[in-house]
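Data first, discussion second: the structure below is written as structure tokens.
The values are calculated or read from the model by the stated rules, or taken from the named source; none is laboratory data. Keep in mind that what you see is a predicted model, and the values were worked out from it rather than measured. Backbone-built Cβ (ideal geometry, glycine too); neighbour counts: all protein chains shown.
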Amino acid sequence: MARLIPLLVCLMFATAVSPRPATLADQPVFRQFVADKNRFQQDLQQLIDLVATDAPADSIRAAFRRSREGYKRVEWLLEYYQPYMAMRVNGPPVVEVEEDEPGQHTTPPTGLQVIEPYLFPVTDRTQKANLQRELNVLLSYAVRLEQSIPADRLTDGDILDAMRQQLFRIVALGITGYDAPESRSGLAESAVSLGALHDVFLPYSRRLPESVGSALEQRWADAIRLLNEAPSFNDFDRVAFIREQFYPLCRALGEARQLLSIPVSASGRFLSPLIATLSDSGAFRPDYLTTYSEFISSPRKIALGKILFFDPLLSGNNARSCASCHRPERAFTDGQIKSRAFGSRKRVDRNAPTLLNAGLQKAQFYDSRALYLEDQVHDVLKNTHEMRTSPEEVIQKLSASKQYRTWFNDAFSDGLTAQNVRNSLACYVRSLTSLNARPDRYLKGENVLLSADEQLGFNLFLGKARCATCHFFPIYNGFVPPHYEKVESELIGVPRRRKIRKAKLDRDPGKFNAYQKDLQRFAFKTPTVRNVALTAPYMHNGSYRTLAQVVDFYNRGGGRGIGIQLEGQTLPSTPLDLNLQEQNALVTFLNALTDTTGYTHRPLHLPVVEGHQAWNRRKPGGRY
């Protein structure tokens with residue numbers, strides 16, 4: 001289960017806001033929520049009746065779509081106050097593994113996404129009994145959704161925060177088809193959701209100056225119209241929509257909030273409460289993923305961590321640094337299929353992942369065995385095949401340097417300790433946040449250009465190719481927006497080596513090694529694809545050398561698409577049907593996600609350590 005960030009961290013970063021009494025908007029908002037919830041319940045009951053009477057498949061599928069749209073009218077407030085209930089109604093159709101519990105404890109999925117495959121792409125009449133059971137379970141949740149909404153405590157701040165969160169959900173999950181992959185109804189549902197938010201905001205809009213309110217109304221209308229007029233799910237221009245309609249709407253709502261003097265609620269969350277769009281600078285705050293308030297970054301910690309990162313003194317043989325396997329010029333990877341193991345010609349178990357944006361996730365390593373960067377640092381330092389040292393040995397070496405002692409005293413109140421070594425390195429890695437590539441700047445409306453192929457590839461990534469349903473916009477890793485509480489892992493069927501036919505599954509059991517959960521065998525954390533042009537070879541075992549090969553693998557349907565008989569593959573095994581032009585455009589877009597500005601330089605000098613001058617003459621970064 002997710003660990004809670006201590007209250008001290010929340011208070012240190014959050015903008016304090018005094019409690020506010022209920023407003024005149026509260027009761028209408030709650031009454032509308034109940035009305036929409038009752039409509040959703042009625043839609044579900046109609047769907048149940050149609051299934052029971054063996055109605056035509058088209059009628060059943062139409063009723064299902066109405067039920068999904070009914071849910072989208074209440075999702076904004078339900079997700080804000082009761083995300084667990086929202087998950088039971090519309091959560092991913094995968095079994096949740098209780099990683100912190102002994103044994104094989106699991107939570108089966110329920111809700112709309114579980115029901116969808118019974119009806120799409122075709123209705124499976126042989127599964128009528130199972131379908132009816134799932135529908136009845138869903139109805140049991142739907143009848144009591146209002147019980148989780150604090151009708152007597154809603155404030156203007158809460159309402160606008162919930163709206164903002166839903167806007168982020170729409171752009172990151174809704175228009176990408178994340179929760180409606182088979183029915184492909186994500187665009188229509190996003191229009192319904194925007195319409196519900198518009199109705200909620202209407203009383204506030206009337207309090208704005210007329211010119212501001214009119215302009216805002218036009219933005220609502222344009223965004224909803226474009227979603228409703230989309231020619232098809234695959235052909236919708238999501239890039240233009242975000243740049244020209246959606247982000248301007250988000251910014252206008254933020255400005256309206258300021259004009260109305262509605263404060264931002266205190267927040268101890270990873271996502272900043274102050275930003276208007278997910279592409280704003282400072283949208284994500286890595287320090288909120290730390291365990292203790294004393295682990296929060298500072299410029300001195302980051303500078304010290306950078307020096308340590310390149311110093312071979314941290315290894316057992318004084319010849320290997322963190323930068324030996326995470327080279328800045330290669331986006332902090334090493335270009336090897338698997339890095340060379342400590343002091344030998346053997347290789348480590350897995351490919352070296354990029355450290356850029358490693359702080360923008362809540363799980364580390366391919367198997368997610370470490371929740372925090374400090375834990376990852378500890379694991380790497382003591383690992384026999386990586387740095388092969390101990391906290392005591394590291395402290396002994398660093399203590400021999402007057403410069404290091406001074407730096408640690410300046411950065412930490414308790415000076416040089418093993419914990420502070422780990423924390424300074426973790427702070428440096430958290431500082432490696434790279435979210436300003438050319439596609440990001442384009443979405444923000446800056447005066448930059450994307451080529452036709454880059455725009456096509458971007459749209460494919462967000463739509464037809466389904467990339468963004470696992471590599472979530474805009475971080476493009478598996479950290480699920482907009483709550484950012486869970487990092488997803490996927491079972492995609494990576495082969496031992498690249499083959500198009502009769503491939504064999506790689507032997508690495510993935511997360512099973514870390515948690516001993518049968519359902520996680522061969523599952524791996526979803527990594528970021530930012531700066532992916534610099535991080536070849538790809539996959540945890542380096543089995544693919546080019547992005548074109550990776551795209552081809554996904555286009556064929558993952559492991560099952562190349563002949564691997566893999567039980568429980570979470571990646572859809574049906575081909576994406578991308579033609580060669582589309583595959584090339586997707587690669588072109590991925591290449592455009594490169595942004596290593598300011599992160600490629602190494603320290604010119606390392607501190608002199610008394611008695612070990614030979615170490616200090618070596619090139620920063622060390623050798624194997």
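Values computed for the structure shown
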| quantity | calculated |
| --- | --- |
| All positions within the range 490-500 that are touching a Lys or Arg at 6+ places or on another chain (Cβ under 9 Å) and surrounded by 21 or more Cβ atoms within 10 Å (Cβ to Cβ) | LEU491, GLY493, PRO495 |
| Which listed residue is among the hydrophobic types (A, V, I, L, M, F, W, C), farther than 26 Å from ALA358 by Cα and assigned to a helix (DSSP H, G or I), from LEU449, LEU456 | LEU456 |
| Where a residue in the range 452-468 is without any contact (Cβ under 8 Å) to a residue 12 or more places away in the chain and its partner, wherever it lies, is outside any helix (DSSP H, G or I), with Cβ under 6 Å and at least six apart | none |
| Failed criterion for ASP54 (all others in (1) more than 29 Å from GLY568 (Cα to Cα); (2) free of Cβ contacts under 8 Å to residues at least 40 places away in the same chain hold) | (2) |
| Total residues in the range 428-446, condition over 30 Å from PHE310 (Cα atoms) and assigned to a loop (DSSP other than H, G, I, E, B) | 3 |
| Output for the range 224-240, where each listed residue is buried (at least 17 other Cβ atoms within 10 Å of the Cβ) and under 14 Å from ALA188 (Cβ atoms) | ILE224, LEU226, LEU227, ALA230, PHE233, PHE236 |
| Matching helices (runs of 4 or more DSSP H) fully within the range 84-189 where at least 3 residues are of a type in the set (Gly, Ala, Ser) | 128-142 |
| Count of residues meeting criterion [in contact with a helix residue (DSSP H, G or I) (Cβ under 6 Å, 6 or more places away or on another chain) and more than 17 Å from PRO575 (Cα to Cα)] in the range 456-482 | 8 |
| Subset of the range 110-126 that is surrounded by fewer than 17 Cβ atoms within 10 Å (Cβ to Cβ) and under 21 Å from ASP43 (Cα atoms) - its residue that is farthest from the chain's Cα centre (by Cα) | ARG125 |
| Filter result for VAL89 (modelled with pLDDT of 95 or more, touching a Lys or Arg at 6+ places or on another chain (Cβ under 7 Å) and either crowded, with 18+ Cβ neighbours inside 10 Å or not small (Gly, Ala, Ser) (or both)) | no |
| Residue within the range 581-589 that is crowded, with 17+ Cβ neighbours inside 10 Å and part of a loop (DSSP other than H, G, I, E, B) present | no |
| Flag for ALA358 being within 15 Å of TYR428 (Cβ to Cβ) and within 26 Å of the chain's Cα centre (by Cα) | yes |
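Conditions (1) assigned to a loop (DSSP other than H, G, I, E, B); (2) under 17 Å from LEU456 (Cα atoms), marked per residue:
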site: ALA548; (1), (2): no, yes
site: ARG560; (1), (2): no, no
site: GLY563; (1), (2): yes, no
site: SER573; (1), (2): yes, no
site: ASP577; (1), (2): yes, yes
site: TYR599; (1), (2): yes, no
site: PRO603; (1), (2): yes, no
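One line per residue, one yes/no per condition, for (1) in contact with a Cys (Cβ under 8 Å, 6 or more places away or on another chain); (2) over 23 Å from TRP76 (Cα atoms); (3) without any contact (Cβ under 8 Å) to a residue 40 or more places away in the chain:
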site: ASN90; (1), (2), (3): no, no, no
site: THR107; (1), (2), (3): no, yes, yes
site: GLN132; (1), (2), (3): no, yes, no
site: GLU146; (1), (2), (3): no, no, no
site: MET163; (1), (2), (3): no, no, no
